[in-house]
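Colleague: I am attaching a structure below and will ask some questions about it afterwards.
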Amino acid sequence: MNKTQTKYEFLADDPNVRVKPIVLALIIGAFFGFLNETLLNIAIVHIMDYFQISVTTVQWMVTGFMLVMGIVTPISAPLMQWFTTRQMFLGTMTLFTIGTVICAFAPAFSVLLVGRILQAVASGLLVPVIFNTFLLIFPPHRRGGVMGIVGLVLMFAPAIGPTLSGIIVEYLGWRFLFIAVLPFLIFSIVFAYKYLLNVSEVTKPKIDVLSIILSTIGFGGAVFGFSLAGSENAGFTDAVVFIPIIAGFLSLILFAVRQIRLDEPLMDLNVFRYRMFTYGVILFLIIGIGMFSSEIILPLFMQSALLVSAATAGLVLLPGSLLSGLVSPLMGKLFDKYGPRKLLIPGSIVLSVTMFLFCRLALHTPLWVIVVGYVLLMLSISAIMMPAETNGLNELPKRLYPHGTAVMSTLQPVAGAIGVSVFVSLMNIRQNRFLESAGNVNDELIKQSLVEGVEFVFSISFALSLIVAVLSLFAYRAVPQEESDGAADR
């Protein structure tokens with residue numbers, strides 16, 4: 001089979017092309033890319049014991065992964081224009097497989113960290129490559145359903161990561177977290193080698209080295225600083241936190257200014273001239289911050305205030321995560337049929353109601369309320385996040401697809417790092433103020449202080465959800481625009 005694009009504008013319109021195997025290969029790659037983000041969470045203690053290392057050292061398995069993703073993802077746009085679709089996907093999956101093999105048989109923690117970094121590089125490139133490929137394969141009126149499948153993977157893979165990790169580590173050992181996924185990675189590579197076609201245009205734009213440096217310092221510094229601020233060992237007043245954050249934001253400002261002035265920018269910020277794309281980014285950021293912070297704050301509340309076990313806290317959140325993934329394809333089909341407003345408006349209303357419910361959490365709150373609340377939260381996220389992202393990307397001209405997917409993919413780890421660190425810090429500040437005003441501290445007051453902190457951060461989340469609700473009222477079905485027709489300035 002010829003491995004180049006057919007005469008049809010979109011590959012899915014060509015009756016002679018088998019699209020399903022292509023989608024299968026991409027979905028398998030996406031699944032393990034997303035799964036890899038949470039698969040090691042349960043195994044960290046076992047890795048510490050095995051290599052006799054401290055918490056601070058092992059934390060680099062998580063912090064380092066997010067940091068590398070934040071650095072690599074912004075350069076995905078020019079790489080997708082330098083290499084063919086097949087070269088990018090097969091290259092990233094091969095790199096991911098090499099990193100997985102290194103992790104599986106690492107004789108020392110330093111070697112394990114190297115393998116983890118290779119996985120992070122591959123993951124940082126893999127997600128925008130997959131999104132860009134789907135945009136080029138499917139016409140706009142069919143993208144919702146396909147992106148819904150990606151949404152299933154996006155929600156389902158991280159949700160089952162801790163559960164799957166716990167079972168594997170308990171019965172087989174932490175190395176099998178890597179060994180078990182190798183057959184699937186190889187299967188995806190073989191499938192893609194046989195069926196994946198080249199759908200992108202190789203233009204080989206000039207790559208600006210200074211932009212790469214500013215991007216690395218900017219996104220890397222922001223992710224690194226906020227990730228440390230979200231840990232127990234550092235706060236925003238510590239130099240190791242605020243210096244990287246300040247350096248990161250200053251570099252991002254210089255990066256943005258340079259991209260505007262360059263004829264061939266590393267990340268084309270003209271994507272923000274398109275209204276629905278900008279709306280999509282704002283909604284994506286707010287929803288991402290709310291989702292990531294809730295996944296941290298709710299377990300803290302249940303374990304420290306309601307005194308449930310970690311396993312129970314995980315099971316409480318599991319139905320919401322699984323159901324969110326399962327309904328994502330349905331949300332995608334509804335998006336294709338009815339457009340974004342019919343999903344964004346009710347989704348934002350449910351989101352606001354849920355955040356208001358979480359503002360009322362107390363020591364006597366039964367677990368079933370949190371189960372129901374988290375189910376509603378994740379359903380609303382499914383109705384907002386992927387439709388908003390797909391609708392925004394739909395408005396871009398083809399030339400900007402790599403840049404649009406790079407922007408969206410870069411913001412994911414940034415939103416996660418900012419959401420967790422800022423919300424946890426605000427929660428701690430509110431707790432400390434409550435305890436200072438209480439006088440004599442006892443166990444009940446400590447638990448009540450946590451309730452005060454949780455209520456405070458979810459009040460902020462409620463305010464952000466109202467912004468989502470307002471923005472959803474102005475959404476419309478985006479159609480692909482060409483930069484010359486003035487549609488971007490509507």
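Computed from the coordinates by the stated procedures, all read-outs in this text should not be read as laboratory data. As the structure is a prediction and not an experimental result, all values here were calculated from the model. Because the Cβ atoms are built from the backbone with ideal geometry, glycine has one as well, and the counts that use them run over all protein chains shown.
Colleague: Is the range 31-131 rounded, prolate or oblate when judged by the Cα gyration tensor, a ≥ b ≥ c being the square roots of its eigenvalues, rounded requiring a/c under 1.5 and prolate requiring a/b larger than b/c?
Modeller: prolate
Colleague: Need the full-extension length gain, E436 to A108, defined as separation in residues times 0.36 nm minus the C-alpha distance. One decimal, nm.
Modeller: Between E436 and A108, full extension yields an extra 113.6 nm.
Colleague: Which FRET efficiency value, to the nearest 0.05, do you get for D443 and I212 by plugging their Cβ-Cβ distance into 1/(1 + (r/R0)^6) with R0 = 51 Å? Could the numbers behind the result be given before it?
Modeller: Details: r = 52 Å, r/R0 = 1.02.
Here the calculated transfer efficiency is 0.45.
Colleague: Right, something else. Using a 7 Å offset from Cα along Cα-Cβ at Y193, what residues in the range 89-132 end up with backbone N under 19 Å from the label point?
Modeller: What the label zone holds, given the 19 Å backbone N cut-off, is 89-102.
Colleague: Work through the residues other than S472 whose Cβ is under 11 Å from its Cβ and net out their charges, Lys, Arg +1 and Asp, Glu -1.
Modeller: Charge balance near S472 sits at +2.
Colleague: Checking the a/c ratio against 1.5 first, then a/b against b/c, what shape does the Cα gyration tensor give for the range 270-490? Show your work: numbers first, answer last.
Modeller: Numbers: a/c = 2.68, a/b = 2.05, b/c = 1.31.
Prolate shape, in that a/c is at least 1.5 and a/b is the bigger ratio.
Colleague: Here are some values of Rg and Dmax of the Cα atoms in Å: (i) 23.4, 81; (ii) 22.2, 76; (iii) 21.9, 71. Which one was computed from this structure?
Modeller: (ii)
Colleague: Report ³J(HN,Hα) in whole Hz for each residue of the range 121-128, in order, from the Karplus equation J = 6.51 cos²θ - 1.76 cosθ + 1.60 where θ = phi - 60°; Gly and Pro get x.
Modeller: 4, 5, 5, x, 8, 5, 4, x
Colleague: Could I ask something else about it? What's the ranking of 83-92, 464-473, 104-113 by average number of surrounding C-beta atoms within 10 Å, highest first?
Modeller: Final packing ranking: 83-92, 464-473, 104-113.
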